[in-house]
Amino acid sequence: MELGKMYRIVSLFIACFLHISSVLAGGINEQVPSSLDLYVCIGQSNMAGRATLIPAVMDTLNQVYLLNDKGGFEPAVNPLNRYSTIRKDMSMQRLGPAYSFAREMVRRTDKPLGLVVNARGGSSINSWLKGSKDGYYEEALARIRQAVRQGGVVKAILWHQGEADCSNPEAYKRKLITLVEDLRKDLNMPQVPFIVGQISRWNWTKREAGTEPFNEMIKQISSWIPYTDCVSSKGVDWYKDVTDPHFGTKGQLLLGKRYAKKVLKFNR
């Protein structure tokens, strides 16, 4: 069996074991606070998480609750994209930035929070636009509204997507503007912070310019969409090698902390 496949199977086994242990211990019945700060995590595979689930990230997060498939909240345990209504196979859901983001937010604020994680690997921004036949926008919106009905308040939207679209930064820019405008309008939150992560910097694209033009465009997002910011991917490691766009475990942990730092700028 190839090493990568073996890692995926072991990671899934660990995730399932710890999740079941939490249920048996009564963790799912833990009293969820009546009001939560909500953070929406959407995008493609690097948001869903493809990095290895090492034992150190398989803890039940303190004061962090995950929107589940019943429309309620439960104590958050990796993989956090497990309840995505648009995800790929469960075995592909591993470590994304939401884990260290949530842990850092609690550490810095000492406030309980709720995560709405609804990402889909391999998805183009075209599939995320309102009215797309894939319906990813509508699925995310429905999940957010479920969370709000539980008493939560959306504090920020975290977006990590672009690997499928990085060959045309200008076209992406126009579509991202539309996406943000639609989300804010449908949530009736014209100033909700929208935080965007850069994609990987190594050149897996086979194009001479690689991902640099796309990342430079994302870097300037606050100049063309208000109440936004960019999370740098500088120094983030790869999951497999330079032919693969996915971030590794250390990189995802770093990226999550960077998302938290940007969100905290808006939460003062």
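The values are calculated or read from the model by the stated rules, or taken from the named source; none is laboratory data. Quantities reported herein were computed from a predicted structural model and do not represent experimental measurements. Quick reminder, even Gly has a Cβ in these numbers, built from the backbone with ideal geometry, and neighbours come from all protein chains shown.
The set of residues in the range 106-128 that are more than 27 Å from Leu36 (Cα to Cα) and in a loop (DSSP other than H, G, I, E, B) comprises Gly121, Gly122, Ser123, Ser124.
Looking at the range 7-21, is at least one residue over 24 Å from Trp128 (Cβ atoms), touching a Lys or Arg at 6+ places or on another chain (Cβ under 7 Å), surrounded by 14 or more Cβ atoms within 10 Å (Cβ to Cβ) and at pLDDT below 95? Spell out the reasoning first.
The initial filter retains those residues of the range 7-21 that are over 24 Å from Trp128 (Cβ atoms), namely 7-21.
If we keep only those that are touching a Lys or Arg at 6+ places or on another chain (Cβ under 7 Å) as well, we get 11.
After this cut, where a residue has to be surrounded by 14 or more Cβ atoms within 10 Å (Cβ to Cβ) as well, the list is 11.
Now restrict to residues that are at pLDDT below 95: 11.
Yes; the residues of the range 7-21 include at least one that is over 24 Å from Trp128 (Cβ atoms), touching a Lys or Arg at 6+ places or on another chain (Cβ under 7 Å), surrounded by 14 or more Cβ atoms within 10 Å (Cβ to Cβ) and at pLDDT below 95.
Output yes when any residue across the range 104-121 is closer than 18 Å to Val154 by Cβ and modelled with pLDDT under 95, and no when none is. The answer is no, given that none of the residues of the range 104-121 is closer than 18 Å to Val154 by Cβ and modelled with pLDDT under 95.
Residues of the range 61-81 that are without any contact (Cβ under 8 Å) to a residue 60 or more places away in the chain and in a loop (DSSP other than H, G, I, E, B): Leu61, Asn62, Gln63, Asn68, Asp69, Lys70, Ala76, Leu80, Asn81.
For beta carbons closer than 7 Å, sequence separation of 6+ or different chains, a first residue in the range 117-146 that is over 25 Å from Asn168 (Cα atoms) and touching a residue at least 12 places away in the same chain (Cβ under 8 Å) and a second that is assigned to a loop (DSSP other than H, G, I, E, B) and among the hydrophobic types (A, V, I, L, M, F, W, C), the qualifying pairs are Val117/Leu80; Glu139/Ile86.
Does the range 153-160 include one or more residues that are within 15 Å of the chain's Cα centre (by Cα) and farther than 30 Å from Pro33 by Cα? Full working, then the answer.
Narrowing the range 153-160 to residues within 15 Å of the chain's Cα centre (by Cα): 154-160.
Subset that is farther than 30 Å from Pro33 by Cα: none.
Checked the range 153-160: no residue is within 15 Å of the chain's Cα centre (by Cα) and farther than 30 Å from Pro33 by Cα.
For the range 216-245, what are the residues that are surrounded by 18 or more Cβ atoms within 10 Å (Cβ to Cβ) and under 17 Å from Trp159 (Cβ atoms)? Hits for the range 216-245 are Met217, Ile218, Ile221, Ile225, Thr228, Asp229, Cys230, Val231, Ser233, Val236, Pro245.
For the range 86-109, the criterion of being among the aliphatic types (A, V, I, L, M), surrounded by fewer than 16 Cβ atoms within 10 Å (Cβ to Cβ) and in contact (Cβ under 8 Å) with a residue 60 or more places away in the chain is met by at least one residue.
Could you list all residues from the range 52-77 that are within 22 Å of Val148 (Cα to Cα) and in contact with a helix residue (DSSP H, G or I) (Cβ under 7 Å, 6 or more places away or on another chain)?
Restricting attention to the range 52-77, the residues satisfying the condition of being within 22 Å of Val148 (Cα to Cα) are 61-77.
Residues satisfying the conditions are Leu61, Asn62, Gln63, Val64, Leu67, Gly71, Glu74, Pro75, Ala76, Val77.
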